[in-house]
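Structure first, commentary second.
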Amino acid sequence: MNVTINVSPSQPHDGTTLASCLSPLLQAVGRPEWTMARLQGVMGHAFHFEMVKGGGNVMHDNMDWGPALDYLPKFAKFHSFKATKHDTDVDLPALKREARDAVRTGLKNGFPTLVWQPMSREQKASDHPAHHAYCWGLIVGYNDSEEAYTVRHPFVDVAYTVRYDLIGHADPAELFSVLVYDGPSRADESKMHLVALRNAVAFAHATRFAANDERNAKRRAAPHGFAAYKIWREAFATEEVPTFSSHHHITVLLGRRRAAASYLRGLALLFPNGAAQLEDAAVHYDHELEPLNVIHDLCNTACQRDAWHAKDRAQAGECLGFALEADKAAIACIEAALASLSD
């Protein structure tokens with residue numbers, strides 16, 4: 001068997017390899033409505049933003065191996081092949097062969113497979129393009145003679161190959177995770193969207209993760225929502241605010257708020273009783289994009305000269321204040337929509 005299907009991750013990936021890979025997978029199995037924006041809205045990326053004191057490095061894709069995964073059964077059924085180095089009772093070579101056979105069947109039927117960190121240890125340690133392939137990717141082909149997967153990944157510009165039995169060792173837990181599409185889901189999508197709207201409000205007020213949720217303790221502790229904007233604005237008041245991290249933050253935030261506006265406009269068509277409020281929320285997110293685009297330009301300039309000028313930091317901080325006000329206005333409209341939908 002030597003088969004490759006023409007499916008690639010969605011771009012831009014908006015800081016979520018999961019949504020970037022899941023959207024084309026679902027579209028390949030006949031669910032064109034699951035765009036990047038809709039997936040980010042339901043899983044929460046569109047409304048999520050977190051920051052650290054000083055504006056340093058943040059793994060904005062951290063939901064992709066946590067709470068966002070909880071939604072996968074709502075989008076479709078998946079046959080999961082999963083193990084870590086701690087699962088000493090698992091016959092890992094046998095599990096990898098079983099996963100390979102399921103992947104090959106899927107490819108014959110025209111759909112790709114989700115795979116975690118699709119690279120070998122050697123690829124990770126080398127200059128091979130696959131060394132960028134962290135988090136989720138798509139298996140889009142298989143070659144019998146080489147016993148290798150063909151992979152497309154949101155962080156890698158070209159398709160590449162990796163032996164089927166060499167993946168699953170590139171992260172500290174040595175997580176092997178292959179998720180093969182196994183049929184449509186029967187989830188109530190109206191309920192999914194209502195939960196997403198409630199979660200949007202919870203993200204903003206930093207109450208999304210329950211106090212007794214040990215799995216998400218680190219996410220709960222990190223300033224997120226409205227508080228993240230304030231923390232980042234404080235960082236721009238200092239000379240130590242980094243250039244590269246700032247550029248990454250604003251790129252992700254822009255993508256997510258664009259997704260929020262698009263998602264809410266789609267929901268306005270699904271929920272007539274809350275349509276006006278949802279459309280208003282989308283407009284506020286549109287307005288938020290204006291100061292965020294200014295910050296993006298300022299970050300580009302700072303990166304080019306590898307330094308911030310005081311006046312640019314001041315302007316970035318001022319723009320964050322405007323963005324926060326627009327974000328608050330959008331959330332207020334979502335709260336109003338939820339009130340209308342519960343009447």
Which members of segment 33-56 meet the condition of being out of contact with any Leu (no Cβ under 8 Å at 6 or more places or on another chain) and part of a loop (DSSP other than H, G, I, E, B)? 33, 35, 44, 48, 51, 52, 53, 54, 55, 56
Taking the condition of being of a type in the set (A, V, I, L, M) and in a loop (DSSP other than H, G, I, E, B), how many residues in segment 78-102 meet it? 1
Of all residues being of a type in the set (A, V, I, L, M, F, W, C) and open to solvent by 10 Å² or more (accessible area, probe 1.4 Å) in segment 112-134, which is nearest to residue 78 (Cα to Cα)? Just the residue, please. 116
Within segment 117-152, restricting attention to residues that are hydrophobic (A, V, I, L, M, F, W, C) and either assigned to a helix (DSSP H, G or I) or in contact with a Gly (Cβ under 6 Å, 6 or more places away or on another chain) (or both), which residue is farthest from residue 11 (Cα to Cα)? 125
Does segment 109-116 include one or more residues that are in a helix (DSSP H, G or I), more than 24 Å from residue 249 (Cβ to Cβ), out of contact with any strand residue (DSSP E or B) (no Cβ under 7 Å at 6 or more places or on another chain) and touching a residue at least 24 places away in the same chain (Cβ under 8 Å)? no
Checked against (1) surrounded by fewer than 16 Cβ atoms within 10 Å (Cβ to Cβ); (2) more than 22 Å from the chain's Cα centre (by Cα), residue 100 satisfies every condition except (1)
Of the residues in segment 194-238, those that are assigned to a helix (DSSP H, G or I), open to solvent by 10 Å² or more (accessible area, probe 1.4 Å), at pLDDT 85 or above and not aliphatic (A, V, I, L, M) come to 198, 199, 226, 230, 233, 234
Among the residues that make up segment 255-277, is at least one of them among the aromatic types (Phe, Trp, Tyr), more than 15 Å from residue 326 (Cβ to Cβ), within 22 Å of the chain's Cα centre (by Cα) and open to solvent by 20 Å² or more (accessible area, probe 1.4 Å)? no
Conditions (1) over 29 Å from residue 2 (Cα atoms); (2) over 22 Å from the mean Cα position of the chain (by Cα); (3) hydroxyl-bearing (Ser, Thr, Tyr); (4) at pLDDT 95 or above; number of the one not met by residue 105: (1)
Given (1) outside any helix (DSSP H, G or I); (2) open to solvent by 10 Å² or more (accessible area, probe 1.4 Å); (3) β-branched (Val, Ile, Thr); (4) at pLDDT 95 or above, residue 167 misses just (2)
Looking at segment 80-88, is at least one residue open to solvent by less than 10 Å² (accessible area, probe 1.4 Å), aromatic (Phe, Trp, Tyr) and in contact with a helix residue (DSSP H, G or I) (Cβ under 7 Å, 6 or more places away or on another chain)? yes
Go over the candidates 161, 105 one by one and state the one that is in a helix (DSSP H, G or I) and among the β-branched types (Val, Ile, Thr). 105
Within segment 324-333, is even one residue over 25 Å from the mean Cα position of the chain (by Cα) and surrounded by fewer than 16 Cβ atoms within 10 Å (Cβ to Cβ)? no
Take the residues of segment 153-164 that are within 23 Å of residue 10 (Cα to Cα) and in contact with a helix residue (DSSP H, G or I) (Cβ under 8 Å, 6 or more places away or on another chain): which is surrounded by the fewest Cβ atoms within 10 Å (Cβ to Cβ)? 158
Residue hits (segment 222-248; closer than 13 Å to residue 53 by Cβ, hydrophobic (A, V, I, L, M, F, W, C) and touching an Asp or Glu at 6+ places or on another chain (Cβ under 8 Å)) are 222, 228
Taking segment 50-66 and keeping only residues that are surrounded by fewer than 24 Cβ atoms within 10 Å (Cβ to Cβ) and over 11 Å from the mean Cα position of the chain (by Cα), one is left with 50, 52, 53, 54, 55, 56, 57, 58
Using the structure shown, decide if residue 288 is in a helix (DSSP H, G or I) and without any contact (Cβ under 8 Å) to a residue 40 or more places away in the chain. no
Which residue is nearest to the chain's Cα centre (by Cα), if the candidates are limited to segment 301-313 and must be part of a helix (DSSP H, G or I) and surrounded by 13 or more Cβ atoms within 10 Å (Cβ to Cβ)? 303
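The values are calculated or read from the model by the stated rules, or taken from the named source; none is laboratory data. Computed from a predicted model, the values in this text were never measured in an experiment. As a convention, Cβ positions derive from the backbone with ideal geometry for all residues, glycine included, and neighbour counts pool all protein chains shown. The protein model used for the area step is the full one, side chains on, heavy atoms only, and it has no ligands, DNA or RNA in it. Shrake-Rupley method; radii C 1.70, N 1.55, O 1.52, S 1.80 Å.
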